[in-house]
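Each remark here refers to the structure printed beneath this line.
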Amino acid sequence: MQKLYIIGAGGFGREVLGWARQCPLCGSEWIIGGFIDDNDRLIGKQIHGVEVMSNLEDYYISGEEVNSSCKTISDKIMYLNSLS
């Protein structure tokens with residue numbers, strides 16, 4: 001199971017969180033790992049039950065995570081758009 005980290009905990013990041021939670025595959029193929037945001041005051045806080053884990057500068061993303069996450073996110077957003 002992969003973790004989904006959402007870059008940015010602002011308005012659009014919260015929207016992505018909402019989309020991710022609506023997707024029927026959430027919890028079976030991937031779980032929400034947290035937010036990554038450059039606002040250091042948010043680190044450690046919860047937004048809609050999801051922790052802001054780190055800022056972009058301090059969070060290390062491996063190439064494998066980036067490739068699989070981008071593919072997973074784009075597939076899920078396309079799926080959610082097809083339901084509208």
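Once segment 1-30 is narrowed to residues that are within 9 Å of the chain's Cα centre (by Cα) and in a strand (DSSP E or B), the residue that is surrounded by the most Cβ atoms within 10 Å (Cβ to Cβ) is 6.
If you go through segment 32-84 and keep only what is of a type in the set (Gly, Ala, Ser) and either at pLDDT below 80 or part of a strand (DSSP E or B) (or both), you end up with 33, 34, 54, 62, 63, 68, 69, 74, 82, 84.
The values are calculated or read from the model by the stated rules, or taken from the named source; none is laboratory data. All values reported here derive from a predicted model rather than from experimental measurement. Cβ atoms come from the backbone with ideal geometry, glycine included; neighbour counts cover every protein chain shown.
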